[in-house]
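Notes follow once the structure below has been shown.
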Amino acid sequence: MAGSTENGSGRRGNRWRLAVWGTAALLLVLPLLAMQFTEEVAWGLSDFALFGAMLFVACGTYELAARMTGNKTYRAAVGVALAAAFILVWMNLAVGLIGSEENPANLMYGGVLVVGILGAIIARFRPHGMALSLVGTALAQVLVVVIALIVGLAYNLGDTLMLTGFFVALWLTSARLFRKAAREQSPAGAAP
């Protein structure tokens, strides 16, 4: 009976939950530790509060998705998409992806997240629709750079293109995992 092990119930589910929340706690403590050894990291209370809120939202969203399905591939797809969104927001707030964090072009990345969120809602979180939504999110990521180039706001083109490629790869990896999850759910994708 694969049902009880695949749905993540019992001890296995508790270990994953502990790993997700434990990693979040570790990430929140790392800047505090870094502040003890270098002056390059100088976080204030508001920085910790914002980072903690971001971690809480990401981990809470993942846990909600994990409770909704026992499909491991779907969970992995959600994890990759949430990691991409988290890193996108974090990097954009910290240093900016197009120039510095003060560059107004960085505000366009909010649109990338809106595309992903609206796509997920329209897809009603079904795997096939989620795959399409993540492809749209990858295209929105590219569109931000194209617009920044046309308007003349992209200053360090090499870094911007490299980061765009990184995020596009994450969005498309998540899309591919969602597509695989959709095949696993369909009767045609079931093993003979």
Quiz item: Taking amide H positions as placed 1.01 Å from N in the peptide plane, with prolines and chain starts having none, which residues 5 or more places from Tyr155, or on another chain, fall under 5 Å of its amide H?
Solution: Gly99
Quiz item: Which entry in (i) 58, 32, 28; (ii) 211, 37, 31; (iii) 54, 43, 24 is this structure's computed Cα extents along the principal axes in Å?
Solution: (iii)
Quiz item: Which whole-Hz couplings ³J(HN,Hα) result when phi for each residue of the range 29-38 is put into the Karplus expression 6.51 cos²θ - 1.76 cosθ + 1.60, θ = phi - 60°, listed in order with x for Gly and Pro?
Solution: 7, 4, x, 5, 5, 4, 5, 6, 10, 8
Quiz item: How big is D for the range 128-192, in µm² s⁻¹ as a whole number, if Stokes-Einstein is applied with the Kirkwood radius of its Cα pairs at 4 °C and 1.567 mPa s?
Solution: 98 µm²/s
Quiz item: If the viscosity is 1.306 mPa s and the temperature 10 °C, what Stokes-Einstein diffusion coefficient in µm²/s follows for the range 76-185 when Rh is the Kirkwood radius over Cα pairs?
Solution: 114 µm²/s
Self-check item: Taking the chain and dividing mean pair separation by its residue count, relative contact order in percent (alpha carbons under 8 Å, at least six apart)
Solution: 21 percent
Practice problem: With a bin width of 5 angstrom, please list the P(r) values of the range 12-111 as percents of all Cα-Cα pairs, from the 0 bin to the one holding the largest distance. | Solution: 2, 11, 18, 20, 18, 14, 10, 5, 1
Exercise. Return, ordered by residue number, the residues of the range 48-65 whose backbone nitrogen is under 16 Å from a label point located 7 Å along Cα→Cβ of Trp90.
Key: 48-62
Quiz item: FRET efficiency for Thr23 and Arg176, Cβ-Cβ distance as r, R0 = 25 Å, nearest 0.05?
Solution: 0.60
Quiz item: Assuming R0 = 30 Å, what is the FRET efficiency of Ala76 and Phe56, from their Cβ-Cβ distance, to the nearest 0.05?
Solution: 0.90
Exercise. Quickly rank 134-141, 42-49, 68-75 as a protection proxy: mean count of other C-beta atoms within 10 Å, highest first.
Key: 134-141, 68-75, 42-49
Practice problem: Over the range 67-163, calculate the relative contact order: mean separation of alpha carbon pairs under 8 Å at least 6 apart, over the residue count, as a percent. | Solution: 26 percent
Quiz item: Within the P(r) computed for the range 10-58, what percentage of the Cα pairs occupies the region above 13 Å?
Solution: 61 percent
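Rule-based calculations on the coordinates, nothing more; no lab input. Computed from a predicted model, the values in this text were never measured in an experiment. Positions of Cβ are backbone-derived with ideal geometry, glycine not excepted, and every protein chain shown enters the neighbour counts.
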